[in-house]
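As structure tokens, the structure follows; a few thoughts come after it.
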Amino acid sequence: AADECQAKAKTACVREQPCGHLCLGVRDEAECLGCLDAECDVGARAVAANGGQDRDAYCNICWTDALAFAPSVRLKCNHVFHLACVARRVAGRWTGPVINFTYTQCPLCNATLSHPALAAALKPALRFKDMVEAKAVERLTYEELDKCKEITDPRSEFYNNKVKYAVHRYVYYQCYRCKHAFFGGQRDCQAAAGRDDEKFDPTELVCSTCRPGPPVQKCAKHGTAYIQYKCMYCCAISSWFCWGKAHFCNECHRRQRAGDYVSRYPISRLPQCGGTAARCPLRVAHPPNGTPQPFALGCSICLAAQNF
């Protein structure tokens with residue numbers, strides 16, 4: 001407790017405000033947090049502007065101590081939190097397997113966090129956010145959904161906002177090995193799977209490039225982003241990618257969504273062609289259906305271009 005008090009004292013602002021009250025902010029700020037005493041005329045105006053957060057209000061992150069108990073910061077959105085609490089929020093990032101960026105947002109209004117004392121910690125987080133959003137919009141465009149009704153309908157919550165809809169539609173995971181974000185399928189598939197996100201193993205989240213086993217086919221022109229895969233449960237082309245690891249054709253995906261969990265079938269229960277090019281409807285030799293490793297058929301863009 002003594003160490004904690006000393007740490008707070010080292011970072012606390014010691015300036016006296018024009019109204020006579022001490023600043024509750026962070027030492028050496030260019031602009032002080034200002035008075036948060038509701039009994040003071042100056043403080044009362046500031047408290048009214050931030051939604052009623054006075055010196056005795058609990059920090060809305062820790063819900064343990066009042067704002068006056070630790071150096072606090074006023075964000076660009078005007079809400080006030082303990083600096084240490086909001087810094088821990090940023091450092092903790094997201095919980096569960098699916099990437100989300102609520103940790104970069106104000107807990108009260110969802111505005112992007114912004115304060116000089118948080119700038120260094122937020123910079124890589126916001127850069128990573130931009131990269132994930134760009135990937136999601138690129139996939140939305142690739143699937144020709146960038147002009148879908150969810151985006152063009154003025155009544156939609158996603159009207160004229162491709163980024164918001166793309167992030168809502170798709171899920172991305174962070175690869176345990178390379179730390180890059182990789183596509184994990186549609187969000188409704190994640191929900192329908194009924195997976196227990198609290199018990200997920202982060203070491204299982206591995207992108208196709210880092211996944212052990214045979215190397216994933218890579219297009220010299222388009223990389224691995226548009227590699228087309230075989231359904232893991234039958235001899236058909238995959239149209240769905242779920243949970244960051246499973247490839248389904250339309251029929252197998254429909255059955256899975258309806259509760260006929262083909263992903264849980266033993267190999268002996270799945271249809272088999274014998275794995276030879278002569279007998280497979282896809283005219284390729286491949287491992288038995290049900291094999292957990294993905295099987296690449298080639299770059300979908302290049303394959304499509306061959307038919308133009």
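The values are calculated or read from the model by the stated rules, or taken from the named source; none is laboratory data. This one's a predicted model, so the numbers in the text were calculated from it and none came from an experiment. Because the Cβ atoms are built from the backbone with ideal geometry, glycine has one as well, and the counts that use them run over all protein chains shown. Accessible surface areas use protein heavy atoms only, side chains included; no ligands, DNA or RNA. Shrake-Rupley method; radii C 1.70, N 1.55, O 1.52, S 1.80 Å.
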* log10 of Debye I(q)/I(0), alpha-carbon scatterers only, for the range 42-134 at 0.14, 0.21 Å⁻¹ -> -0.51, -1.03
* Structure fact -> Given a Förster distance of 45 Å, the FRET efficiency implied by the Cβ-Cβ spacing of THR203 and ASN160, rounded to the nearest 0.05, works out to 0.65
* Asked: Quick one: with all protein chains in place, what share of the accessible area of the chain is carbon or sulfur, to the nearest percent (1.4 Å probe)?
  -> 53
* Cα-derived Rg over Rh, computed across the range 1-61 with Rh taken as Kirkwood radius -> 1.00
* So which lysines pass the test for LYS221, namely a Cα distance under 24 Å, with those fewer than 8 places away in the same chain ruled out? -> LYS135, LYS179, LYS230, LYS245
* What 222 nm value per residue comes from the helices of the chain, counting each DSSP H run with n ≥ 4 as -39,500 (n - 2.57) and dividing by all residues, nearest 500 deg cm²/dmol? -> -8000 deg cm²/dmol
* For TYR233, list long-range residues whose amide hydrogen, built 1.01 Å from N in the peptide plane, is under 5 Å from its own amide hydrogen. => CYS249, GLY290
* Asked: If SER300, SER114, SER268, SER239 are ordered by their accessible area, calculated over protein heavy atoms with a 1.4 Å probe, which sequence runs from highest to lowest?
  -> SER268, SER239, SER114, SER300
* Around ASP260, what is the net charge, scoring Lys/Arg as +1 and Asp/Glu as -1 over all other residues with Cβ under 12 Å from its Cβ? -> +4
* Asked: Using a 1.4 Å probe, how large is the accessible area of ARG27, given in Å² and rounded to the nearest 10?
  -> 90
* Asked: If the chain between SER239 and HIS222 were fully stretched, how many nm would it gain, using 0.36 nm times the residue separation less the Cα-Cα distance?
  -> 4.3 nm
* Using a cut-off of 12 Å between beta-carbons, work out the net charge of the residues near TYR103 (Lys and Arg +1, Asp and Glu -1, TYR103 not included). => +4
* Helix 2-11 versus the longest principal axis of the chain: what angle, 0 to 90°, nearest 10, using Cα atoms? -> 80
* Once the other residues with Cβ under 15 Å from the Cβ of CYS249 are scored (Lys, Arg +1; Asp, Glu -1), what is the net sum? -> +2
* Asked: For LEU282 and ARG88, what is the calculated FRET efficiency with R₀ set at 30 Å and r taken between the beta-carbons, to the nearest 0.05?
  -> 0.05
* Of [x] 23.1; [y] 20.4; [z] 21.5, which is the value of Kirkwood radius over Cα pairs in Å derived from the coordinates here? -> [x]
* To do: Go through the range 75-87 residue by residue and turn each phi into a ³J(HN,Hα) via Karplus (6.51, -1.76, 1.60, θ = phi - 60°); whole Hz please, and just put x for glycine and proline.
  => 6, 4, 6, 5, 7, 10, 9, 4, 4, 4, 5, 6, 5
* To do: Find how much the distance from ARG254 to ARG27 grows on full extension, using 0.36 nm per residue of separation minus their present alpha carbon separation; answer in nm with one decimal.
  => 75.9 nm
* Could you pull out which residues in the range 154-191 have an amide N less than 17 Å from a spot 7 Å beyond the Cα of ASP130, following the Cα-Cβ vector? => 163-164, 181
